[in-house]
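The block underneath contains the structure these notes are about, expressed in structure tokens.
All of the numbers you see were taken from the coordinates with simple rules; none came from a lab. Remember, predicted model here, so these are calculated numbers, not experimental data. A quick note on method: Cβ atoms are made from the backbone with ideal geometry, for glycine too, and the neighbour counts reach across all protein chains shown.
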Amino acid sequence: MEHILDYSWRQLRDWFISKGQPGYRVAQVLRWVYDSPKVPFDEMTDVPKVVRKDLRKAFKVFTMQVVSHRKASDGTEKLLLRTHDGEYVECVLLRDDKGNRTVCISTQVGCGMGCVFCASGLDGVVRNLTSGEILEQILHLKCLLEPEERLSHIVVMGMGEPLANLGRLLGALYRATHKDGLGISARHVTISTVGLPHAIRRLAELDLQYHLAVSLHAPNDELRNKLVPANRRIGIQAILSAADEYFAKTGRRVTYEYVLLREINDRPQHAQELAQLLKGRNALVNLIPYNPIQGLPYEPPERRDVARFVDVLTRAGIQVTVRYRKGAEIEAACGQLRRLHPEIASKSKKKKKKKSKAADENAVQTGETVSVVSGEGGNGKPEAALTASVVMSGDPTVVVTDVEIMNFEEIAEPETSESKRDSE
């Protein structure tokens, strides 16, 4: 069976027409999917029985199984999901006292950026998630809400490098933010990246109202090359230049995320370097005290060092915030998400998985150029193409050397009234 969330509006309309049904069935069925994702096709009461039967035979809403559901005392909830091809991803629901309900979602199985302090890259990267799998995470998390709660924000800060899977990510976000989708405000979406300049510039050109967060973590290339290996082929200045263009074209301030590691990047001289680096830029620095990860040698900074770092930046005129830790007790905080936990790693090694065609198409292979094409848009042209040159090293690190996004058109384009009349 196919994943209904991987189908565009046009593809679904064509499917309904092939079954002798009017095109408006798309909106009818998807309203059920987005509003009440747990309701099976058989219980979609305003859809003809024959259509429900065909839907049940052809599609699934959920293709990923919940393997683990953990809850923290601060209201944070984390899901470990198993994909149809036996891989694992994690996603998180965050709650705050202001009533915000934020989902943190993943874009890849694992991560290839190799940040030395992050759990997501410990087991390498296997493949990109599809648009449907990215969107499905949001639906799984939506099912955890109480009746009076509503999803308000999306942060693309889970497993994977979002800009290395940009075409599929944008397809998922388009549906998540469209009024006929989940209806979350585009201004409440934040995409985090280690900094892929070409993709940042393409995002700027598209002007989709999303916020951009750059995971910087160091004020100079020498230190960043050690902490973020992908930086060796990029460089901080190239990232800052692309981020400047993003601000110039969109008017949206860029956030620079900085994980503080004790006695590694949390010294006053690091703060001074960072202040000099961002001088004159309309930027926000988000400091993140390190969240410990089993097996890694890094430690959180001392409170006095965090305060001193903040003071140096503030005195230099840099706006700064310190991220409040949420979900750490269930390993759901920043940098703690991973695909292979100790309890499932041994099982995964013993199990010989038969990769499906879809998984093979999404796989990231050593030294290849990855091309992602999300199907066809309303005018028959490719909706998105993403190419990334990657190099696999002995430690599970993938360095993305170049990314180019071409001819992006929203893959979830809803039917216009004109196309609706045509289909009828």
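Before moving on, here are some points about what is shown:
- Modelled spin-label separation between residue 238 and residue 46, with each label point placed 7 Å from Cα along the Cα-to-Cβ direction: 5.1 nm.
- Separation between Cα centres of region 223-262 and region 104-169, rounded to whole Å: 20 Å
- Around residue 185: net Lys/Arg minus Asp/Glu count, Cβ-Cβ under 12 Å: +3
- Footprinting exposure proxy for 105, 184 (fewest neighbouring C-beta atoms within 10 Å first): 184, 105
- The alpha carbon gyration tensor of region 75-145 gives principal lengths a ≥ b ≥ c with a/c of 1.5 or higher and a/b no greater than b/c, which makes the shape oblate.
- With a Förster radius of 30 Å applied to the C-beta separation of residue 1 and residue 209, the computed FRET efficiency comes to 0.30.
- Cβ-Cβ FRET estimate between residue 226 and residue 150, R0 fixed at 41 Å, reported to 0.05: 0.45
- Taking a ≥ b ≥ c as the square roots of the eigenvalues of the Cα gyration tensor, region 1-61 is rounded, since a/c falls below 1.5.
- Counting charges near residue 251 (Lys, Arg +1; Asp, Glu -1) among other residues having Cβ under 13 Å from its Cβ returns a value of +1.
- Whole-percent P(r), region 1-141, all Cα pairs, 10 Å bins from 0: 11, 35, 30, 19, 6, 0.
- Label-point separation, residue 303 to residue 66 (7 Å along Cα→Cβ), nm: 3.6 nm
- A simple rule links phi to the HN-Hα coupling: the Karplus curve 6.51 cos²θ - 1.76 cosθ + 1.60 with θ = phi - 60°, which for region 35-41 gives 7, 9, x, 7, 6, x, 3 Hz, with x for Gly and Pro.
- Annotation: amide H of residue 2 within the under-5 Å range of 59, 60, sequence separation 5 or more or interchain, hydrogens built in the peptide plane.
- Model label zone, residue 100; criterion: amide N under 14 Å from point 7 Å along Cα-to-beta-carbon; scope region 61-88: none
- In this structure, residue 58 and residue 262 have a Cβ-Cβ separation that, at R0 = 41 Å, corresponds to a calculated FRET efficiency of about 0.15.
- Maximal additional length on extending the residue 11-residue 322 stretch stands at 107.5 nm, based on 0.36 nm per residue less the C-alpha distance.
- Extension gain, residue 28 to residue 180: 0.36 nm times the residue separation minus the Cα-Cα distance gives 53.7 nm.
- Unsatisfied cross-links (Cα-Cα over 18 Å) in the set 179/249; 38/142; 19/57; 19/53; 49/179; 38/60: 179/249; 49/179
- Simple spin-label estimate for residue 73 and residue 253 in nanometres, 7 Å along Cα-Cβ: 3.4 nm
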